[in-house]
Amino acid sequence: MDQALDRPHPSAESGPIVPVLECRNLSVSYYTRAGEVPAVTDFNLRLMPGEAHGLVGESGCGKSTVALAIMQYLGGNGRIVGGEILFDGRDLAKMKAEDLRRIRGAEIAMVYQEPMASLNPSMTVGAQLAEVLLYHDRLSRPTALERARAMLESVRVPDPDRIMAAYPHQISGGQQQRVVIAMALLSNPKLLVLDEPTTALDVTIEAGIVELIREIGAAHGTSIIYISHNLGLILETCDWVTVMYAGEAVEVGPVGELFDAIRHPYTRGLFASIPLPSADKISRPLVPIPGQLPLPYDRPRGCNFGPRCEFFIAGSCDSGPIPMLPVWNAEHRRSRCIRIDEIDWERPPAPPALQAAPPPGDILLKVEDLSKHYELEGGFLAGGGRTVKANESLTFDAREAETVAIVGESGCGKSTFAKVLTGLETATDGSIRLGDVELGAVPIEKRDARTVAALQMVFQNPFDTLNPSHSVGSQIARVIRKFGVERDEAKVRQRVDALLDMVKLPRAFARRKPRQLSGGQKQRVGIARAFAGNPRMVIADEPVSALDVSVQAAVTELLMDIQREHRTTLIFISHDLSIVRYLADRILVMYLGRIMEQGRTEEIFAPPYHPYTEALLSAVPVADTRIEKRKVVLSGDLPSPSDPPAGCPFSTRCPYAIPGTCDVVPPPVFEPSPGHRILCHLAPETLMAMKPVMSEREPETRAASGSS
Amino acid sequence: MLKLILRRLAQMMLIMVAVSLILFGVFDSPKFKRQLAVNELGGFAVQTLSPADYQAWLERKGLNVPFAERYWKWLTGIARGDFGRSFQKSADVGPLLGRALLNTGKLALCVFVIMIPLALVTGVMAGIREGSFQDRSISFLAVLFTSIPEIATAIFLTVIFALWLGWFPAKSRGDGLEFLVLPALTLVLYDFGYVARLTRASVAEVMQSQYVRTAILKGLPYRRVVIRHVLRNALIAPFTVIVLQLNWILSGVVVVEVFFQYNGFGKLLLDAALFGDLYVVQAATLAAVLVAVLSQLISDIGYVLLNPRIRFG
């Protein structure tokens, strides 16, 4: 069927061009004690020179296995069991070890998800870079070092001399990833394999790396395999995309065309479960994909997606293996759906029953001038201790039944605020009032059970926050008893059942241990536990960021349903602006411990913006071809919180910074409408004249971009 | 770094004072003094001794001086390099201890010279191919040797090499290298398994690390990957443990020294303890504390120097 994928290429006028990379009917399995576990089956891919091809899918879909198979690095228990991987026409699997070594790092290079772990901790950056040239290009050490330094400069690492001499842990995550990219580019490879290269990075840092990756493709003609779980990133970086599910490619085609006209139910489900700008929690809620990913050794007969598919028809979908089928009227597209010609693809997914937005009640939480400072212990030679201002003059309030989101990148102080609020830390200055109780300086040990019960938390990592040796039911029951909700054992059990019903888990799960639950199920237990004491306010610290996108949607919807029903105040902490836009009533944008901008959601997402908000909005990848974004890419890294700039904390990276003012004087508050506060030196007229970051593309330009 | 060293030395002083006070206290009881007299003069002689004669004996031994004064005298003596006299051997403790330490030092050197290369090479060979036949055989032998008690190995080696083949002497009462062979071999067999298994685990862990994957996928030759990327990081843990073995050889090898009649530190300490030879026990204990704290310190400093993340972090 790959023959059918033949297509003209921009530079294909003279003779046939050999694809840089071609996977033909590739199947990879891992061999474990349980037997053969198929990781990838019947996978086809053709990558022409200069193209970027995205592989997208949720965890366990096999996308990283494809990358490792290309690199011929499947470990002791992984094996290619069928098909071939041709690089420049030569089968990589049949190559001798020495030939393979000459290709790796020189012609095929890879960039990894965790840059810190991918660099040798005991070698300087310079030595690790130079190594590539010493062994592939046989350069002398001084020349190699010089070339390495030049490459660092071209990937725009600031102060390359310092970085060359530094150890990996001495530089920031964004710089580490630039170093890894520089390492991959040193020998000018034909193929670059990027495995989630920005997943571990903050979004404004991610935006810089994404721009760099696009430049590489354009400047060096490097072909790129880009692996990501983020559809928006794929749209921004790739020409082609393959959507994978349960070890198979389910849909392939040019990115724009595919995103505009989806032809596989799984892709359709994915798009319905991510918060695109057009989604809205009231009128267009997220639609999670029902069910769970089948285990690799327990896949259904026929279509792998069948059991979760709304279009499933017994007898045809589950009768036998389903091949990649051509898409009508779209030359280069394929979909692994047997009902491709029967399904009405234009009909939007059935939305769940609409719910009215609850009117917010009285003010429940009032935070005034809250500060939290940490004293750093001075080192032996450093002399006096320094102060980290993790939170500085936070002022805001939250009403009953309202969702207030706190967004910001790592180090902005959002998690510190959650700790102060829950009493794990105490405030240095200022006050927090919950109802009429002052909490700011009261540590959790000194709070009475009623206050603790009233203010509960849902944690980021559901894998670590449940006690592995107690059953789910006993962990929920313990909270019920502790907070004195019920005393009688039979009533406690009833309440546990009711809570499990509320989070839509089977009652039998009460007897299960956390390890028998999936990530999404564990987070449901976490939510049940938080709501066990009838809280008035719940703080959710990145509650879905450790979960796959289709599960994220389900957990997010659940959390909001429960909140609506109980009129709970929700403080939602996140780095992800898309989800925040979707569910928050009001948003606080934090940077280096300060609230730079706050207001209602629609105010935050429309001008006037704080310059940092503008950059954040521009940095978020959006998986929607109709949306056009204005590019605002920040240079530099976040300053260290122990050494923030005087004046405005954002002044070191702000494209609008006014020298002599912004870096010296703390910014004043501008309040364009009541409750919408922007902390900035820019003149109100300048702020008011800002253009929107996102806008709907005109139909003509849309078509043009789709075929680019 | 300097802070660390100073703090450790201060800790060491405290431990030494505490330990010596406790020992002195135990040895100061009248019952114990009487036992000492029995050990020296024989049970019958002590029974027939008149109280006055017993007092005279105490005076001769300097045992009737009040506790605080005696302890102070001993402490100031150490400052002058005088560790007191052995009751049992009628000799100054200083030279006695010095000789014992020298003998044990020789033994330790022999053990290290054989054990370190053996353990590192086998450990690396096993760890680099985790799960292979090579790994399984090395791991099996390492576990086997570590789980056999030293005394069993000692008997086994003596029977084969001393009694049957007659290559080496069974009793190590002499100065030649041949006297060191059997005790050293016994210790090597016991200890190498431990260090080898530790090395194996460390190497295997680094082999799984993402930066080794980076190094391989960079297209570096395998030798370069192993030497520059794997070993440099994997040998940090074995290094610190090897330094700590010094402490074990000093006081943990009593069984082997006694078995081979080797006049080392362990034997000296055991003899003195059985006899109640206070000043020898005191001096030997202080030496043991000193070696323990110093080896710990060297191990910590080495760890910091080998690991850039800690050096600068």
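Computed from the coordinates by the stated procedures, all read-outs in this text should not be read as laboratory data. Quick caveat, the model's predicted, so the values are computed rather than measured. Every residue, glycine among them, receives a Cβ derived from its backbone with ideal geometry; neighbour counts consider all protein chains shown.
Summary table
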read-out: Label-point separation, residue A:316 to residue B:159 (7 Å along Cα→Cβ), nm; value: 8.1 nm
read-out: Burial ordering of B:192, A:459, A:43, fewest other beta-carbon atoms within 10 Å first; value: A:459, B:192, A:43
read-out: Calculated [θ] (222 nm, deg cm²/dmol) that DSSP helices of n ≥ 4 give over chain B, each run adding -39,500 (n - 2.57); value: -24500 deg cm²/dmol
read-out: Using a Förster distance of 25 Å, the FRET efficiency for residue B:258-residue B:205 (Cβ separation, nearest 0.05); value: 0.05
read-out: For residue B:83, residues with placed amide H under 5 Å, excluding near neighbours; value: B:93, B:94
read-out: Segment residue B:113-residue B:60, extension gain: residue separation times 0.36 nm, minus the distance between their alpha carbons; value: 14.4 nm
read-out: Computed over chain A, Kirkwood Rh from alpha-carbon pairs, angstrom; value: 27.5 Å
read-out: Gyration tensor (alpha-carbon) shape descriptor, the range A:549-655, a/c threshold 1.5; value: prolate
read-out: Cβ-based charge dipole, the range B:2-79, positive-most Cα from B:12, B:2, B:74; value: B:2
read-out: Theoretical gain in end-to-end length, residue A:169 to residue A:102 [0.36 nm per residue, Cα-Cα removed]; value: 21.2 nm
read-out: Three-way shape label, the range A:569-621, alpha-carbon gyration tensor, a/c 1.5; value: rounded
read-out: Cβ charges +1 (Lys, Arg) and -1 (Asp, Glu), total dipole of chain A, debye; value: 1940 debye
read-out: Span from the the range A:71-133 Cα centroid across to the the range A:661-696 one, whole angstrom; value: 48 Å
read-out: Cα extents of the range A:257-318 along the three principal axes, largest first (Å); value: 37, 24, 20
read-out: Hydrodynamic radius of the range B:2-79 per Kirkwood, over alpha carbon pairs, in Å; value: 14.7 Å
read-out: Percent of beta bridges antiparallel (DSSP, the protein assembly as shown, rounded to nearest 5); value: 65 percent
read-out: Estimated dipole of the range B:2-79 in Debye, rounded to 20 [Cβ of Lys and Arg +1, of Asp and Glu -1, Cα centre]; value: 440 debye
read-out: Reachable aspartates and glutamates from residue B:73, criterion Cα separation under 20 angstrom, eight or more residues apart if same chain; value: B:28, B:59, B:82, B:92, B:277
read-out: Whichever lysines have a C-alpha closer than 18 Å to that of residue A:372, once near sequence neighbours (fewer than 8 apart) are set aside; value: A:389, A:414, A:419
read-out: Projected label distance in nm at residue A:95 and residue A:606, using a 7 Å step from Cα toward the beta-carbon; value: 5.5 nm
read-out: Ratio Rg/Rh [Cα only; Rh per Kirkwood] for the range B:100-217; value: 1.11
read-out: Cα centroid separation - the range A:162-195 against the range B:104-141, whole Å; value: 36 Å
read-out: Helix-only [θ]222 nm of chain A, DSSP H runs n ≥ 4, -39500 (n - 2.57) each, per residue, nearest 500; value: -8500 deg cm²/dmol
read-out: Chain B - Rg over Rh from alpha carbon coordinates, Kirkwood radius; value: 1.08
read-out: Mean separation of Cα contacts under 8 Å (6+ apart) over length of chain A, as relative contact order %; value: 12 percent
read-out: Charge dipole (chain A, unit charges on Cβ, about Cα centre) - positive-most of A:158, A:413, A:559; value: A:559
read-out: Diffusion constant of the range B:161-313 at 10 °C, which comes from Stokes-Einstein with the Kirkwood Cα-pair radius and 1.306 mPa s, µm²/s; value: 85 µm²/s
read-out: Cα gyration tensor shape of the range A:61-141, rounded if a/c is under 1.5, else prolate or oblate by comparing a/b with b/c; value: oblate
read-out: Positive-pole candidate from A:213, A:192, A:232, dipole of the range A:192-270, charges at beta carbon; value: A:232
read-out: Efficiency of FRET from Cβ geometry, residue A:464 and residue A:485, R₀ 30 Å, rounded to 0.05; value: 0.70
read-out: Estimated inter-spin distance, residue A:146 and residue A:159, nm [label 7 Å along Cα→Cβ]; value: 2.5 nm
read-out: Too-long pairs where the Cα-Cα distance tops 28 Å, listed order kept, from A:281/A:691; A:366/A:691; B:3/B:106; B:31/B:89; value: A:366/A:691; B:3/B:106
read-out: Restricting the range B:1-81 to trypsin sites (Lys or Arg not before Pro) in coil, as DSSP defines it, with at most 16 other Cβ within 10 Å; value: B:80
read-out: Full-extension gain in nm, residue A:665 to residue A:188, via 0.36 nm per residue minus C-alpha separation; value: 167.1 nm
read-out: Stokes-Einstein D for the range A:456-595, Kirkwood Rh over Cα pairs, 10 °C, 1.306 mPa s (µm²/s); value: 102 µm²/s
read-out: Cβ neighbours within 10 Å from other chains - mean over A:107-120; value: 4
read-out: Cα extents of the range A:171-215 along the three principal axes, largest first (Å); value: 28, 21, 17
read-out: Protection-proxy order for peptides A:666-676, A:224-234, A:409-419, each taking the mean of Cβ atoms within 10 Å per residue, highest first; value: A:224-234, A:409-419, A:666-676
